[in-house]
Structure formats: C-alpha cells, structure tokens
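All of the numbers you see were taken from the coordinates with simple rules; none came from a lab. As the structure is a computational prediction, the values presented were derived from the model and not from experiment. FYI the Cβ positions are ideal-geometry reconstructions off the backbone, even for glycines, and counts take in every protein chain you see.
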Amino acid sequence: MKDQRRTFDGRIVGMFLSAISFVYLGILTLIYWMYKTRLLSPCRVKPKVISVGNLTLGGTGKTPFTITLTEKVVRMGKRPAVLIRGYGDDEPHMLRDRLREIPVLVGADRVRNADIAYREQGSLCVILDDGFQHRRIHRDLDIVLVDASSPFDNTRIFPRGTLREPLSRLKDAQVAVVTKADMEPAATRRICEVIRRINREIDIVQSHYEAVGLCDVFSQKEVHLSYLKGRKVLLLAGIANPAYFEWMVRRLNCNIVGSIFYSDHYPYKPTDIRGIAKRCLECDARTVVTTEKDAVRLRRDLKSYEGVDFLALKIDCRLSKNEEKIDVRLSSVFDSQVL
C-alpha cells in the first residue's frame with residue numbers, strides 16, 4: 001500500500017491490489033455521481049453540521065483536532081454535540097474525557113444521532129468526527145485534515161494505496177488543515193501548493209500538536225512533563241502513524257531506549273502488557289510512554305502494574321497559521337442559522 005516492498009512477490013501483490021482498487025474506484029465514482037446529479041440526496045437535519053475528515057486511512061490526528069474545534073464552537077456560545085462512528089472504544093472515550101460537558105454520540109447512523117442531539121440535548125450544531133466520506137448527511141462545512149508527515153503516500157486508491165478517495169475530492173472541502181506542520185515545514189509548503197492547485201477557493205490552515213502533560217495509564221494520576229527529563233523510556237503505540245508521536249517524545253529530553261509499535265486500534269491483552277513491561281526492564285528502563293488512545297485500551301483489562309510506570313502523553317492541537325480562516329467559516333455557518 002505504501003510501495004515499501006520492491007520484491008517480486010510485492011509487485012505481484014501490488015498488481016492484484018491495483019485490480020481491486022480499480023473496482024473500488026468505480027464504485028466510489030458511481031456513488032459520487034449519484035449524489036452530484038441528485039439521484040441520491042443527502043438528508044438535512046435541524047442542527048448545523050460541521051464535518052472533520054480526511055482522504056487517507058488514519059493517522060491525521062482527527063480526534064485532537066475535533067476536540068479543539070469543539071472547544072472553539074463552545075467559546076462562540078454554541079452547544080455542539082460530537083457524532084462519531086466508533087470503530088473502537090478509544091476515540092469516543094478520549095472525546096468524552098476531554099469534552100466532559102459535551103454530548104458524544106456513537107453510531108453509524110449520523111442522521112439519527114444528529115436528530116437525538118437536537119431533540120434530547122438541545123444541540124444546534126453537530127460535529128462529525130471522520131465525516132468526509134459520509135455523504136448521507138448534508139454538511140454546512142467540510143474540513144479535511146492532511147498529515148504533513150505522510151500526506152498522500154503513493155497517491156493510489158485503497159487497497160493499492162492509502163487514499164480513501166481521489167485527491168480531486170478536495171474540491172468539495174472548504175477548509176484544509178495541514179497537521180503536524182512543525183515536523184515537516186518543507187513538506188508542508190509543498191502540500192499547500194498541491195491542495196491549492198486542486199481547489200483554489202479552499203482555506204488552508206496549519207496545525208501542530210503540543211505535549212501538555214502525562215497521565216498514569218492505570219491510576220489516571222496527572223504527572224508533569226519534567227518527570228521524563230533524562231529518564232530512560234520505552235515507547236508504545238498502536239496508532240496508524242507513530243512517527244510524530246516518537247518525534248514529540250524525543251523533544252522532552254528523555255532517553256528513548258526502545259519502541260513497540262502495533263497496528264492501529266490494537267486490542268491489548270494482559271499478556272501483551274506483561275511482555276511490554278518485560279521488554280522495558282530488559283532495556284534497563286522503568287517507564288513506558290504511550291498515547292492517550294492506547295491508554296484507553298491498556299487499562300480496559302488491567303487496573304495496575306507494579307514495577308513499571310505506564311504513562312500516556314497528553315496532547316493538544318494548536319492552530320499555528322491562518323486560524324482566523326476557521327473562525328470566519330464558523331461564523332458564516334452560524335450567521336445563516338434560523339433558530
């Protein structure tokens with residue numbers, strides 16, 4: 001999918017995946033055409049709908065950005081609700097933990113959940129987490145995230161590549177947010193040029209993620225970032241793109257002695273945790289640093305672990321360039337709202 005295997009068998013598998021991609025693209029094109037020609041019509045709901053999504057498979061940082069966007073909407077005097085499909089329990093849990101007073105509704109039927117948010121929660125705005133491909137519901141604002149560290153990979157459609165849809169779909173978004181822009185400033189400039197060539201009218205915003213603290217995975221006790229200074233640590237993550245996570249931890253002046261990276265949404269078992277702790281001790285370390293999403297899955301089946309600190313790195317999304325463009329777009333959405 002990322003053209004990292006150049007062997008003969010890799011090329012054979014690539015040809016097979018290309019054939020599947022061709023069929024998949026045909027289905028996507030048909031569905032897109034049916035909505036464009038109004039053979040299918042998106043459902044309009046009472047609340048204003050703001051979608052946060054991406055074009056690639058995972059790893060762009062939708063959840064931290066959704067938290068920041070929701071907080072921004074709250075500061076504008078609106079009571080939003082967040083609608084999430086919920087492939088695992090880590091993302092809904094993280095949203096509920098960080099947005100304590102905001103309803104978070106989980107389920108595939110976003111139209112039904114938007115109606116529930118309006119009728120039962122009094123929400124005049126709903127934010128779709130991972131909603132760009134959910135054409136069934138009408139959106140008032142589409143925000144697409146692009147990962148600066150891994151924007152479009154080989155630009156091929158799934159399963160031959162990591163694109164969920166063609167890049168031309170950027171024409172349907174009003175805002176593009178380039179995430180992790182601080183890690184790849186040169187790449188960020190090139191990505192902005194690509195986005196602008198596809199959609200001249202789109203607003204381009206840059207963002208990065210900032211480490212704001214640590215939290216004990218099992219006791220959930222807050223720990224200051226300075227705890228890691230000079231300390232030997234083992235990195236642990238089950239996320240789509242752990243490179244930026246590793247880059248952030250390295251900037252905290254700790255000594256990374258090893259890393260264990262699993263697939264996205266990996267379901268940890270007690271035996272995994274014991275193996276991770278053993279690896280940590282073999283590396284002469286007493287601290288494991290992981291992500292907030294991984295912390296949810298780690299503590300699901302185990303409440304404590306003696307001898308090794310399991311710490312989750314807490315991060316916030318910061319809009320570092322052109323934040324005002326999102327403010328203008330949000331104001332435009334709400335100014336047109338009939339109460």
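Neighbouring Cβ atoms within 10 Å as the yardstick, rank His224, His138 fewest first.
With the fewest neighbours first, His224, His138 line up as His224, His138.
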Taking amide hydrogens as modeled 1.01 Å from N in the peptide plane, which residues meet the under 5 Å criterion relative to Asp147, leaving out close sequence neighbours?
-> Thr179
What order, most packed first, do the peptides 6-12, 305-311 have when packing is the mean number of other Cβ atoms within 10 Å of each residue?
-> 305-311, 6-12
Where q = 0.07, 0.12 Å⁻¹, what log10 of I(q)/I(0) comes from the Debye formula for the chain, counting one point per Cα?
-> -0.31, -0.93
By the gyration tensor of its Cα atoms, with a ≥ b ≥ c the square roots of the eigenvalues, what is the shape of region 4-136: rounded for a/c under 1.5, prolate for a/b over b/c, or oblate?
-> oblate
Return the sequence-ordered ³J(HN,Hα) values of region 112-121 in whole Hz as given by the Karplus equation 6.51 cos²θ - 1.76 cosθ + 1.60 applied to θ = phi - 60°, using x for Gly and Pro.
-> 5, 5, 5, 5, 5, 4, 6, 6, 9, 10
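For a protection proxy built on the mean count of beta-carbon atoms within 10 angstrom, sort 235-247, 15-27 highest first, please.
The packing order, highest mean first, is 235-247, 15-27.
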Scalar couplings 3J(HN,Hα) for region 149-159 by Karplus 6.51 cos²θ - 1.76 cosθ + 1.60 (θ = phi - 60°), nearest whole Hz, x for Gly and Pro, are 7, 7, x, 9, 6, 8, 6, 9, 7, 3, x
How large is ³J(HN,Hα) for each residue in region 67-81, as worked out from phi by the Karplus curve 6.51 cos²θ - 1.76 cosθ + 1.60 (θ = phi - 60°), to whole Hz, x for Gly and Pro?
-> 4, 4, 5, 4, 4, 5, 5, 4, 5, 7, x, 9, 10, x, 10
Under the helix-only model (-39500 (n - 2.57) for each DSSP H run of 4 or more, divided by the residues of the chain), the mean residue ellipticity at 222 nm, to 500 deg cm²/dmol, is -11000 deg cm²/dmol
Once you list every other residue whose beta carbon is under 13 Å from the beta carbon of Leu55, what net charge do they have if Lys and Arg are +1 and Asp and Glu are -1?
-> -1
Fewest Cβ neighbours within 10 Å first, please rank Cys283, Cys192 accordingly.
-> Cys283, Cys192
Name the long-range amide H neighbours of Lys78: under 5 Å, sequence gap of 5 or more, or other chain; modelled H, no Pro or chain starts.
-> none
Rounded, prolate or oblate: which fits region 134-281 when a ≥ b ≥ c are the square roots of the eigenvalues of the alpha-carbon gyration tensor, with rounded for a/c under 1.5 and prolate only if a/b beats b/c?
-> prolate
Quick one: if you take sqrt(5λ) for each eigenvalue of the C-alpha gyration tensor of region 210-316, what semi-axes come out, biggest first, whole angstrom?
-> 18, 15, 14
What pairs in Lys2/Lys232; Lys221/Lys293; Lys48/Lys221 have C-alpha atoms more than 28 Å from each other?
-> Lys2/Lys232; Lys48/Lys221
Mind jotting down the distance between the C-alpha centroids of region 94-154 and region 177-208, whole Å?
-> 22 Å
Sorted by chain and number, the residues with a modelled amide H under 5 Å from that of Ser320, at a separation of 5 or more or across chains, are Gln206, Ser207, His208
Given the peptides 140-148, 196-204, 316-324, arrange them by the average over their residues of other C-beta atoms within 10 Å, most packed first.
-> 140-148, 316-324, 196-204
If you rank Lys325, Lys48 by fewest surrounding Cβ atoms within 10 Å, what's the result?
-> Lys325, Lys48
In whole angstrom, the spacing between the Cα centers of region 234-292 and region 1-45 equals 33 Å
